[in-house]
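J.: Structure provided below as structure tokens; questions to follow.
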């Protein structure tokens with residue numbers, strides 16, 4: 001199952017830290033005691049994603065660049081201690097602010 005989220009507009013000059021919370025108490029995806037054992041982040045060409053970390057069910061990353069007026073998709077795929085695999089995508093709209 002995949003979910004797509006739209007992030008608030010990002011300025012082309014901004015460098016931001018974002019995260020995907022797989023353990024969100026409002027919409028928990030991880031089961032009790034389940035942990036993330038691997039994660040990968042991919043992005044549409046033209047935007048930079050780096051400094052990927054994971055702690056307590058949250059995969060965090062830094063995003064920078066992009067051209068004003070363009071849209072980019074960042075996808076996070078995880079594997080869990082129960083062998084489950086899923087991904088979520090975030091749409092970033094780069095706009096001059």
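Nothing in this text is a laboratory measurement; each read-out follows from the coordinates by a stated rule. This one's a predicted model, so the numbers in the text were calculated from it and none came from an experiment.
J.: Which whole-number percent is the relative contact order of the chain (Cα, under 8 Å, 6+ apart)? Could the numbers behind the result be given before it?
T.: Working: 218 pairs, mean separation 38.8, N = 97.
Contact order relative to length: 40 percent.
J.: What's the long-distance tail for the chain, i.e. % of Cα pairs beyond 15 Å?
T.: Values: 2733 of 4656 pairs.
Distances greater than 15 Å cover 59 percent of the Cα pairs.
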